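J.: I have a structure here, written as structure tokens, and I will follow up with some questions on it.
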Number of protein chains: 2
Amino acid sequence: MKIKLYIAYDGTKYCGWQVQKNAISVQQTLQDSIESVFGERYLLTGCSRTDSGVHAKRFCCSVSIADDVNIPAEKIPIALNHYLPDDVSVLEASYISDDFHPRYDAKYKEYEYLILNDTIKDPFLTNKVFHYPKKLDVDKMNMATKCFIGKHDFAAFMSSGSSVEDTVRTIKYFTVSEHENIVKINVAADGFLYNMVRILVGTLIDVSNGKIAIEDIPSIIEQKDRKKAGFTAPPQGLYLNKIVY
Amino acid sequence: MKIKLYIAYDGTKYCGWQVQKNAISVQQTLQDSIESVFGERYLLTGCSRTDSGVHAKRFCCSVSIADDVNIPAEKIPIALNHYLPDDVSVLEASYISDDFHPRYDAKYKEYEYLILNDTIKDPFLTNKVFHYPKKLDVDKMNMATKCFIGKHDFAAFMSSGSSVEDTVRTIKYFTVSEHENIVKINVAADGFLYNMVRILVGTLIDVSNGKIAIEDIPSIIEQKDRKKAGFTAPPQGLYLNKIVY
């Protein structure tokens, strides 16, 4: 039997989703709680790796459990949450067909990036936003997003250390909006390269500051050179927001 | 010269505003940053004591500094924030007349109490709300608030350990509202007794659950017996929200 879970987590204290040596992952933490509830150790499959310090509002994962387990799906979140620390929460659980795969079956994923754009920091948003004091030009950033929408080779927007060979991805939508002193960036694609969202966000900020000209973006994409793109924005502003199957 | 400061803080790691032995207070933390900026140790006066774990969105305090200090008021927040930890932020600073007193001059104060009223916990609201899973009856709670508005002796709504003699206070407004899965309680008064807001909130929750009947509230106030009122709601949902001079 396979269970599909939607979870939310504050990634501040974790090395990301995936199990790693000498660091605590969300996957391991959730596997511990599954072991406490179901009495056996099962391996979880996630929809994505997330980096250290990155958050998730709706992350999807699945687990195959013994066929004789007999817990109604609606009781599973409360049972697992009982054993989970405060920074990880199971939002929803359902039984699903055995051939479901959280990563391969995803049509697209949406990430959200939150910037506190204010000279004054907010003690209630520590580790939950990127605090950037200099006033951002949201109109200019929005114009820049247009250059990225559609199918492109995003090799220039990938950090080294990834073994991915095909660096072509299709961005479905990419928007920047302002809500009082919060600038919110939403980007959806069929897949993302290592650090891709954070480099796209850094590039938009560099556009706002005049370090990168909008008209140069097509050639930055073309040249496939990481050094030509913007800086890598820090992880604490980034949220895996949505996954669509 | 006297400086008036408005600050915000996440109270999770603090013993409250006031300096205490063997515990870290917000007052001491802010005095440290003032010493770093102004080169001397000055004593701060706050508008209120807050309990351990209680937050503030706009807390007012003042400090008298040497007359030869010459920093423009608008530079003070950024200078102090540079030395403050992430959970305390100076929002505003202004020079003010020497006879200003943050506590005695206040006309009224408003507290806000946030309840996450959902079966599922939210990892992004840890230590920032009281997580209460059972569905609350907001209409009933709102009806109950009416019994408290106006001038009353609130002795039944004060924890022991306070040396206050006059327990008469005037509540200006007291409302309960629902915003998706957050129940927000706002209460303003000319002053509050020790734990008064948290006991009022616990009483409203007991009303919602049928443990306390609305028609019994006038006699609970009358009897001045702490044991007759509701439980003390936990500190993490409470915010000093506003202070009006």
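Computed from the coordinates by the stated procedures, all read-outs in this text should not be read as laboratory data. It should be emphasised that the depicted structure is a prediction, and the values quoted were computed from it without experimental measurement. Every residue, glycine among them, receives a Cβ derived from its backbone with ideal geometry; neighbour counts consider all protein chains shown.
J.: Expressed in nm to one decimal, what extension gain is obtained for the pair A:LYS211 and A:THR12 from 0.36 nm per residue of sequence separation less their Cα-Cα distance?
T.: Length gained between A:LYS211 and A:THR12: 68.7 nm.
J.: Which of the aspartates and glutamates could a cross-linker span from A:LYS227 if the Cα-Cα distance has to be under 14 Å and same-chain partners fewer than 8 positions apart are dropped?
T.: A:ASP206, A:ASP216
J.: Moving to a separate point now. Collect residues whose amide H, placed 1.01 Å from N in the peptide plane, falls under 5 Å from the amide H of B:PHE154; neighbours closer than 5 in sequence don't count.
T.: Placed amide hydrogens put B:VAL168, B:ARG169 under 5 Å from B:PHE154.
J.: Over the protein assembly as shown, what is the percentage of antiparallel beta bridges among all DSSP beta bridges, to the nearest 5?
T.: Counting only bridges with both partners in the protein assembly as shown, antiparallel ones make up about 90 percent.
J.: Going by C-beta contacts inside 10 Å, put A:ASP10, B:ASP67 in order with the fewest on the left.
T.: B:ASP67, A:ASP10
J.: Toward the positive end of the charge dipole of chain B, about the Cα centre and with charges on Cβ (Lys, Arg +1; Asp, Glu -1), which of B:ALA229, B:VAL63, B:LEU116 goes farthest?
T.: B:ALA229
J.: In addition: Of A:ASP68, A:ASP225, A:ASP32, which is the most mobile in a GNM of chain A whose springs link Cα atoms less than 10 angstrom apart?
T.: Maximum fluctuation in the GNM of chain A, among the listed residues, is at A:ASP68.
J.: Now, a different point. Just checking the output field for A:115-123: average partner chain Cβ neighbours within 10 Å of each residue's Cβ?
T.: Averaged over the peptide's residues, the number is 5.
J.: Another question about this same structure. Every other copy gets compared here: list the nm distances from the A:LYS227 label point (7 Å along Cα to Cβ) to its counterparts, shortest first, one decimal.
T.: Its label point is 7.8 nm from the equivalent points in the other copies.
J.: Go through chain A and flag any cysteine with no other cysteine's C-beta closer than 4.7 Å, please.
T.: A:CYS15, A:CYS61, A:CYS147
J.: For a bin width of 20 Å, list the pair-distance distribution of the protein assembly as shown built from all Cα-Cα distances, rounded to whole %.
T.: With a bin width of 20 Å, the distribution comes to 20, 45, 31, 4.
J.: Using a Gaussian network for chain A with springs between C-alpha atoms less than 10 Å apart, which of these wobbles most: A:GLU92, A:GLU74, A:GLU110?
T.: Greatest mean-square fluctuation among the candidates belongs to A:GLU74.
J.: Averaged over every viewing direction, what's the projected area of the C-alpha convex hull for the range B:100-245? Give it in nm², one decimal, please.
T.: Its Cα hull, projected and averaged over all orientations, spans 9.0 nm².
J.: If you don't mind, there's one more thing I want to ask. Shortest first and in nm to one decimal, what separations exist between B:HIS179 and its copies in the other chains, measuring from label points 7 Å along the Cα-to-beta-carbon line?
T.: 1.1
J.: Each residue of the range B:224-231 in order: what ³J(HN,Hα) in whole Hz does its phi give by Karplus 6.51 cos²θ - 1.76 cosθ + 1.60, θ = phi - 60°, with x for Gly and Pro?
T.: 6, 10, 3, 5, 7, 7, x, 6
J.: Using the beta-carbon distance between B:ILE182 and A:ASP166 and R0 = 35 Å, what value does 1/(1 + (r/R0)^6) give for FRET efficiency, to the nearest 0.05?
T.: Here the calculated transfer efficiency is 0.20.
J.: Please provide three numbers in whole Å: the alpha-carbon extents of chain A along the principal axes, with the largest listed first.
T.: Sorted largest first, the three principal extents are 60, 41, 32 Å.
J.: What relative contact order, as a whole-number percentage, does chain A give when Cα pairs under 8 Å and 6 or more residues apart are counted?
T.: 23 percent
J.: Okay, helix-only estimate at 222 nm for chain B: each DSSP H run of n ≥ 4 adds -39500 (n - 2.57), divide by all residues, round to 500 deg cm²/dmol; what do you get?
T.: The per-residue figure over chain B is -6000 deg cm²/dmol.
J.: Let me ask you something else. Using a Gaussian network for chain B with springs between C-alpha atoms less than 10 Å apart, which of these wobbles most: B:GLY53, B:GLY230, B:GLY39?
T.: Maximum among the listed residues: B:GLY39.
J.: Any idea what the relative contact order of the range A:1-93 is, in percent, if you count C-alpha pairs under 8 Å spaced at least 6 apart?
T.: Worked out over the range A:1-93, it gives 42 percent.
J.: Arranged by the count of other C-beta atoms within 10 angstrom, fewest first, what order do A:THR145, B:THR167 take?
T.: So the residues, fewest neighbours to most, are B:THR167, A:THR145.
J.: What list of ³J(HN,Hα) couplings, whole Hz, do you get for the range B:28-35 from phi and the Karplus terms 6.51, -1.76, 1.60, once you set θ to phi - 60° and write x for glycine and proline?
T.: With the stated coefficients, the range B:28-35 comes to 5, 5, 6, 4, 4, 5, 5, 4 Hz.
J.: While we're on this one: Apply the Karplus parameterisation 6.51 cos²θ - 1.76 cosθ + 1.60, with θ equal to phi minus 60°, to every residue of the range B:57-64 and state each ³J(HN,Hα) to the nearest whole Hz, in sequence, with x for glycine and proline.
T.: 8, 8, 9, 10, 8, 9, 8, 9
J.: How many nanometers, to one decimal and shortest first, lie between the label point of A:SER159 and those of its other copies, if labels sit 7 Å from Cα toward Cβ?
T.: Here the equivalent label points are 4.3 nm apart from this one.
J.: So which of B:LYS4/B:LYS184; A:LYS121/B:LYS135; A:LYS184/A:LYS211 end up more than 27 Å apart, counting from Cα to Cα?
T.: B:LYS4/B:LYS184; A:LYS121/B:LYS135
J.: Sort out for me the Cα centre separation of the range A:163-188 from the range A:214-231, rounded to whole Å.
T.: Cα centroid of the range A:163-188 versus Cα centroid of the range A:214-231: 16 Å apart.
J.: For chain A, find the longest principal axis of its Cα atoms and tell me its angle to the long axis of helix A:196-208, 0 to 90°, nearest 10.
T.: Approximately 30 degrees, to the nearest 10.
J.: Right, something else. About its Cα centre, how strong a charge dipole does the range A:1-133 have in debye, to the nearest 20, once Lys and Arg get +1 and Asp and Glu get -1 at the Cβ?
T.: It works out to roughly 340 debye.
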